[in-house]
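**Q** The structure's right below; bear with me while I get my questions together.
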Amino acid sequence: MKEATKGILALVLACTIWGLSGLYYKLLSHVPPLEVLAHRTLWSMAFFGVVILLNGRLSEVKQVFRDYRTLGIIAVTAVMISLNWFGFIFSIQSGWAVEASLGYYIFPLVAVILGYIMLGERFGPAQIVAIILALIAVLTLSFGLGATPWISLFLAITFGIYGLLKQRVNAGPVLSVFVEVLLISPLAAIWLFGVHTFGWTGIGNGGSVFGSDLRLSLILVFSGILTGGPLILFSYASKRLKYSTVGLVQYLNPTLQFFVAVLVFNEVFTQWHAIAFPLIWTGLGIYSWQSWRQERSSRRASDTFNTQTSTQGSGES
């Protein structure tokens, strides 16, 4: 099997797991989202820790902790991804899975805006059109539903900031995420201690079920694999595929989230959603098409340069 084919299969599997993960968190609807988040953090740390030990990369973890600049950035990304995880869990448990899927559709366009603000990147015509369509979609929902889709914007912005900062981290995805959950794990452990000892619940109802219900305890433990497994698949795929291919296939994630919300969770899909979502999809289509053209143009220019260089080298010899 070709490496590119393996990459596509790994990427589709990763995005499918992410897209269907709402089904998993719906099973934990009666467990407070902060408690679910705490378990996800700790069991992810355990999962990534085993992976890193098996691959003999413990020394790389030590190097990250010696690099204070990288460690500082990872500390901020740890906060961002924790907020994003919490927002997703909360949205699924609260019946806002449609809004959650919208957030991950909006994310690429939020990333473009953040690049403009933080990195001085400039918009191309296609990007301007895509952003305008996204803004119209958000305003349409805000007007039609009588409220701004805050959960969508929250998920898009936190994940956008997370992605922006991750570009400055000199560590692979598995290693950096392990350090992220490692930094957050003391807070997660303190929270679970409070849940078990003092009955803390935070946002949501219910309380600790870990240890008292075998089925739910195993589901909570599985959150580590559910978090780590797709990331490893995604990392594997990213090394074997073009950037544009990765970007396009990633839309499978929010698409599956959307269908799960509407078809499985039976969430209301209003006429305002019916207007807003096609606007987002059109914007993403324009944005993706332009990105594909730019990458194709860059690849052609690179191939031409390499051919000319090779020809000149042959002539000189």
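Any read-out appearing in this document is the output of simple, stated calculations on the displayed coordinates, not a laboratory observation. Keep in mind the model is a prediction, meaning the values are calculated, not measured. Here the Cβ is made from the backbone with ideal geometry for all residues, glycine too, and neighbour counts use every protein chain on show.
**Q** For each of VAL268, VAL169, count neighbouring Cβ atoms within 10 Å of the residue's Cβ, then give the residues from fewest to most.
**A** Ordered from fewest to most neighbouring Cβ atoms within 10 Å, VAL268, VAL169 come out as VAL268, VAL169.
**Q** Placing unit charges on C-beta atoms (Lys and Arg positive, Asp and Glu negative, everything else neutral), compute the dipole magnitude of region 3-304 about its Cα centre in debye, rounded to 20.
**A** Value, rounded to 20: 800 debye.
**Q** Still on this structure, I have one more. With volume of the Cα convex hull per residue in Å³ in mind, check (1) 142; (2) 177; (3) 124 and report the label derived from this structure.
**A** (2)
**Q** In degrees, nearest 10, range 0 to 90: what is the angle between the Cα axis of helix 173-198 and the longest Cα principal axis of the chain?
**A** Roughly 10 degrees, rounded to the nearest 10.
**Q** Can you compute the charge dipole magnitude of region 136-292 about its Cα centre, using +1 on each Lys and Arg Cβ and -1 on each Asp and Glu Cβ, nothing else charged? Give it in debye, rounded to the nearest 20.
**A** Dipole magnitude for region 136-292 comes out near 500 debye.
**Q** Which residues' amide hydrogens lie under 5 Å from the amide hydrogen of GLU121, considering only partners 5 or more residues apart or on another chain, with H built in the peptide plane?
**A** For GLU121, whose amide H was placed from the backbone, the distant partners under 5 Å are TYR116.
**Q** Give the lysines whose C-alpha is closer than 22 Å to that of LYS2, dropping any in the same chain fewer than 8 places away, or say none.
**A** Answer for LYS2, where 22 Å is the Cα cut-off: LYS239, LYS242, listed by chain and number.
**Q** Name the residue from LEU133, CYS15, ALA78 whose Cα lies farthest towards the positive end of the charge dipole of the chain, charges +1 on Cβ of Lys and Arg and -1 on Cβ of Asp and Glu.
**A** Most positive-ward Cα: CYS15.
**Q** Using the count of nearby Cβ atoms within 10 Å as a rough guide to exposure, how do TYR251, TYR105, TYR287 rank from fewest to most?
**A** TYR251, TYR287, TYR105
**Q** Which residue, GLY56, GLY283, GLY124, has the most motion in a Gaussian network model of the chain that connects Cα atoms within less than 10 Å?
**A** Highest fluctuation among the options: GLY56.
**Q** State the extension gain, in nm to one decimal, for the chain segment bounded by ASP213 and LEU23, taking 0.36 nm per residue of separation less the distance between their alpha-carbons.
**A** 66.5 nm
**Q** Oh, and also: Can you sort LYS2, LYS239, LYS166 so the residue with the fewest Cβ neighbours within 10 Å comes first?
**A** LYS2, LYS239, LYS166
**Q** Shifting gears a bit: How large is ³J(HN,Hα), in whole Hz, for each residue of region 137-143 in order, when computed from phi with the Karplus curve 6.51 cos²θ - 1.76 cosθ + 1.60 and θ = phi - 60°, using x for Gly and Pro?
**A** Going residue by residue, I get 5, 5, 5, 4, 5, 4, 6 Hz, with x marking Gly and Pro.
**Q** Applying the Karplus parametrisation 6.51 cos²θ - 1.76 cosθ + 1.60 with θ = phi - 60° to the phi angles of region 230-235, what ³J(HN,Hα) value in whole Hz is obtained for each residue in order, glycine and proline being reported as x?
**A** So the Karplus estimates, Gly and Pro as x, are x, 5, 5, 4, 5, 4 Hz.
**Q** State, as an integer percentage, the relative contact order of the chain based on alpha-carbon contacts under 8 Å between residues 6 or more apart.
**A** Result for the chain is 38 percent.
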